[in-house]
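The values are calculated or read from the model by the stated rules, or taken from the named source; none is laboratory data. Remember, it's a predicted structure, so these values are computed and weren't measured experimentally. Cβ sites come from the backbone with ideal geometry, for glycine too, and all protein chains shown count toward neighbours. The accessibility values were calculated without ligands, DNA or RNA, using every heavy atom of the protein model including side chains. Shrake-Rupley method; radii C 1.70, N 1.55, O 1.52, S 1.80 Å.
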Amino acid sequence: MNVYIIRILFILLPGILLPVSLHAQELDLQQKITIEFSEIPFYKVLDSIAGQSNISFSYNPKKIPIHSLVSVKAIEKPVSEILNDLFKEMRIRYFVVEEQIVLKMLEQMKDEKKVQESFTLNGYIRDVSSGEILVGATVVSVDLIQGTISNGYGFYSITLPEGHYSIRFSFLGYRSIEREIELFGDKNLDIELEEDPSMLDEVVIRVDENLSEIQKSQMGKISICPRDVQDMPALMGEVDVLKSLQSVPGINFFSDGSTLFYVRGGNKDQNLILLDEAPVYNPAHLLGFFSVFIPDAVKDIKVYKGNLPSQHGGRLSSLIDIKTKDGNMRHFGVSGNVGLVASRLSVEGPVIKDKSSFFVSGRRSYLKLYLDNDNPDLKDLYFSDLYGKLNFRINRNNRLFFSGYFGKDYFRTNSSTENSSGINWGNMVGSIRWNHLFSDRLFSNTTFYASKYDYFLVTSYEKKYQWNSHIANIGFKTDFTWYIRPESTLKFGIKLGGHNYNPGNFEMGDIPEGTYFPLVPRRNSRDFALYASHEIELGEKVSLQYGFRLPSWENIGESVEYTFDQDHNPIDTTRYEVGESYHSYANLEPRLGLLYRVGEYSSLKASYTRTSQYIHMITNSVSPFTALEVWLPSGPNIKPQLADQFSIGWSKNWPVKGWHFQTEAYYRVMNNQIDYNPHAKMLLNPLFESELRFGEARAFGIEFFLKKTSGRLSGWVGYSLSKTKKQIQDLYDNEVFPAFNDRPHDLSMYLNYKISERTKFSANWIFSSGAAITTPTSFYKYNGYTVPIYAEKNRDRLPPYHRLDLSVDIRLNRKEARFEHNLNISVLNIYGRKNPFSMNFNKTLTDEEQFIIPANLVKNYELVSSQIYLYKVIPSLNYKFRF
């Protein structure tokens with residue numbers, strides 16, 4: 001039958017689907033053909049393909065634009081590749097059905113999805129050389145332009161209508177691959193991706209790839225690749241993943257030499273840091289000069305600024321979610337680093353090839369070597385880290401992970417010939433995780449974790465006299481992810497845990513506590529949380545994410561609680577027995593996100609998030625160089641902190657040129673914020689809760705982020721304009737005042753330039769407004785003490801903070817060598833900026849012994865201040881190796 005007669009029949013019988021069979025024989029989509037046409041009707045292109053390949057096409061000419069003019073050029077290409085290119089432009093899907101190809105429009109497909117049978121493609125995405133799972137890899141159906149992202153354990157699941165698909169798998173720094181999939185039943189497909197060395201030098205910090213940023217409604221999320229930040233300039237050669245966040249808009253660090261950071265107006269204790277699902281309470285080494293996280297041990301870091309996913313909670317401002325390396329399942333490997341102040345070494349390899357592996361990484365400093373000559377009383381000074389991990393791939397549906405971390409800081413000096421004193425603190429963290437696949441669409445992760453942070457201020461190591469505070473917790477959580485369809489994902493789970501707190505007591509060896517110093521009551525609590533979150537696409541342009549988290553909090557004995565009157569005076573004492581429940585809280589935390597796609601590479605977003613916090617850092621010091629911190633739970637005298645955040649944003653990608661732009665504006669209201677009575681006594685005070693004052697904080701701002709990810713020159717520019725204010729009841733005349741962490745302007749620029757195949761140059765410039773501080777207006781003497789008089793709270797500021805860091809990284813080996821080693825030369829603060837972190841003021845006396853404010857012996861009426869800064873120019877040399 002002539003093909004033109006068939007077309008006439010279709011015109012006479014509209015709506016009837018008549019197959020157009022052209023030389024139907026055995027189907028072979030991998031055969032290569034050559035076609036070249038310019039501006040001819042679409043049906044003629046199909047005729048040509050059918051004539052050369054003996055493939056039959058079936059379609060409805062009422063819905064397929066067969067008369068559209070198309071151009072195509074393919075020289076000895078597989079038929080499948082030609083069809084993918086041709087149909088993608090025309091938004092046509094094709095299916096292989098009984099040795100013929102059925103064509104349908106994408107719009108038609110979406111209308112038929114409800115009645116057409118669907119199947120699931122799922123699997124794990126790994127590194128081809130090590131077997132390490134890849135977190136956040138992108139899986140996209142090229143035909144439907146729909147996809148998903150591998151979760152924190154490398155698992156992906158995508159459900160599509162039956163048919164033939166081209167599926168693209170990609171991950172940052174790896175070569176993308178495409179697989180032709182015939183999906184006429186549920187299918188398991190594990191993918192292994194290969195590193196692309198040409199791409200590794202191009203990106204340092206990224207927002208998730210197009211699929212996540214443009215198609216997902218999650219806001220305020222940043223991903224960091226630890227391997228890439230190693231090119232950034234580092235203090236004394238110690239690359240610091242946590243401090244690399246200083247260049248992210250919306251995150252402000254205290255000053256030089258500090259790991260204290262503030263996110264979108266929040267306080268320093270409002271940031272949740274998770275290491276393999278377990279919390280880390282103090283991420284600082286050497287009083288904040290370095291953090292406990294080293295790139296050698298870290299696989300993935302995700303940062304959420306305020307918009308916490310429903311499965312996470314417990315803090316108001318941010319989540320830093322860190323996953324450590326699993327270990328190479330196929331080969332043994334060693335890597336290390338030798339720096340000016342510390343060295344580190346990592347070892348990994350298979351226990352049973354492709355079944356289980358281990359990873360161990362350690363670091364230790366040798367600061368004492370530099371200080372021995374000038375400090376004969378110094379007995380020891382160091383910090384250390386030890387990471388360890390085992391993982392077992394039991395079968396396709398089950399996997400176990402055992403993770404542990406131990407970190408310590410130790411300082412000891414001779415205070416007399418027979419006595420030594422000092423300080424030390426440390427974190428212990430451990431977790432056991434079980435991944436289970438119930439079905440192709442239902443994934444679960446169950447975690448049992450424990451964490452403890454201890455701080456010791458030692459007055460006598462020999463007599464075991466020390467002040468100690470700690471926080472410890474143990475917990476269990478299970479998370480489920482149900483991949484219903486590509487446009488619909490449901491997450492739900494539960495969490496429960498117990499906490500123990502020592503607010504700070506003096507221990508004297510075998511002498512019972514409280515004998516010579518007041519006993520500060522220890523506290524205990526337990527928590528339970530239930531959560532659910534559903535993300536669904538409402539058409540081609542709109543996505544909605546909605547959910548909730550319902551935490552409950554309970555205080556339990558053994559403990560002692562004090563009751564205070566409205567003037568903060570103690571009026572009663574209540575003792576609670578072991579296990580006795582005496583106070584509880586519950587707060588519903590709704591989460592809502594909305595996305596509207598403006599074209600293929602642009603989207604608008606809006607979100608609302610409520611968060612609550614039940615544990616609090618109690619310290620009235622703003623100094624970054626102290627670990628004298630006390631953690632306490634909410635209870636009768638301390639209400640939970642609450643925050644509501646509203647955000648709107650716009651994202652735009654230019655994938656061909658490698659540019660990405662993102663802007664977000666936010667408004668936050670934080671209730672039950674903690675402040676302190678002037679001259680509050682917090683140390684060894686059982687009634688310290690009488691020194692606490694509570695109020696409200698408001699923060700708002702707008703952030704801009706522009707990055708370039710391709711070419712020899714890559715990098716980004718970030719800027720935030722923000723404001724944070726507080727109002728505390730019964731303090732400062734109830735006036736509104738700028739918060740200490742209020743930094744109106746924050747600007748950062750990072751550039752990475754590939755000079756040659758072996759040499760890279762990077763530059764990092766940071767600018768931010770100075771911290772808000774309260775300065776004295778006068779002084780007076782009382783009982784021999786000099787007492788300052790202050791006016792408005794935080795009415796002044798420290799000078800603006802800015803510095804420029806430079807770094808050159810030189811690869812010393814050939815490109816394909818098994819032994820890799822690099823030399824890194826860094827210079828921090830190259831123009832010698834003196835960035836103060838504190839300020840003191842003179843107290844000059846007149847002849848009548850009256851203080852002169854302002855005071856200057858040379859020039860009157862000028863307040864003279866002395867500023868303390870840490871360093872000017874710091875060069876460093878660092879040697880890295882791997883084999």
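Some observations on this one:
- Relative contact order of region 264-387, pairs being alpha-carbon contacts under 8 Å that are 6 or more residues apart, as %: 21 percent
- When each of the peptides 869-877, 260-268, 518-526 is scored by how many other beta carbons lie within 10 Å of its residues on average, the order from highest to lowest is 260-268, 518-526, 869-877.
- Amide H contacts under 5 Å for ALA137, placed H, 5+ residues apart: SER150
- Rounded to whole Hz, the Karplus (6.51, -1.76, 1.60) HN-Hα couplings of region 50-66, x for glycine and proline: 4, x, 7, 10, 6, 10, 9, 10, 10, 7, 9, x, 6, 10, 8, x, 5
- With Cα atoms, 0 to 90° folded angle of helix 79-90 axis to the chain main axis: 70 degrees
- A Stokes-Einstein calculation at 4 °C with viscosity 1.567 mPa s, built on the Kirkwood radius of region 509-658 over Cα pairs, returns a diffusion coefficient of 65 µm²/s.
- Computed from phi, the 3J(HN,Hα) profile of region 262-270 under the Karplus parametrisation 6.51, -1.76, 1.60 (θ = phi - 60°) reads 10, 10, 6, x, x, 7, 6, 8, 9 Hz, with x in place of Gly and Pro.
- For ASN375, the amide hydrogen comes within under 5 Å of no other amide hydrogen, counting only partners 5 or more places away or on other chains and with H modelled in the peptide plane.
- Based on every Cα atom in region 394-478, Rg and the maximum pairwise Cα distance Dmax equal 20.6, 69 Å.
- A 1.4 Å probe run over the protein chains yields, for the chain, 43 Å² of accessible area per residue, whole-number rounding.
- Annotation: peptides 298-310, 34-46, ranked by per-residue average of other Cβ atoms within 10 Å with the highest first, follow the order 298-310, 34-46.
- Here the Karplus relation 6.51 cos²θ - 1.76 cosθ + 1.60, evaluated at θ = phi - 60°, turns the backbone of region 564-578 into coupling constants of 10, 7, 5, 9, 6, 9, x, 10, 7, 10, 10, 9, 10, 6, 4 Hz, with x for every Gly and Pro.
- Relative contact order (percent, whole number), the chain, Cα cutoff 8 Å, 6+ residue spacing: 8 percent
- Listed peptides 283-295, 637-649, 711-723 by packing density, highest first (mean Cβ within 10 Å): 283-295, 637-649, 711-723
- Apolar share of the accessible surface for region 455-602: 59 percent from carbon plus sulfur atoms, 1.4 Å probe.
- Remark: region 367-410 is approximated by an ellipsoid whose semi-axes, taken from the C-alpha gyration tensor as √(5λ), come to 43, 7, 4 Å, largest first.
- Fully extending the segment from ASN734 to ILE511 would add 75.8 nm, taking 0.36 nm per residue of separation and subtracting the current Cα-Cα distance.
- Rg and Dmax over the alpha-carbon atoms of the chain stand at 31.3, 120 Å.
- The value obtained for region 557-637, namely the Cα convex hull volume divided by the number of residues, is 216 Å³ per residue.
- Distances between every pair of Cα atoms in region 301-342, grouped in 5 Å steps from 0 to the bin holding the largest one, split as 5, 15, 18, 10, 12, 13, 12, 15, 2 percent.
- Angle in degrees between helix 3-12 and the longest Cα principal axis of the chain, rounded to the nearest 10: 70 degrees
- Sparse-neighbourhood loop sites, GluC sites (Glu not before Pro) in region 556-623 - DSSP loop, at most 15 other Cβ within 10 angstrom: GLU558, GLU577, GLU580, GLU600
- Annotation: lysines with alpha-carbon distance below 28 angstrom to LYS463 (same-chain offsets under eight excluded): LYS368, LYS379, LYS408, LYS452, LYS681.
- Under 5 Å, built H, 5+ apart or other chain: amide partners of PHE119: LEU160, GLU162
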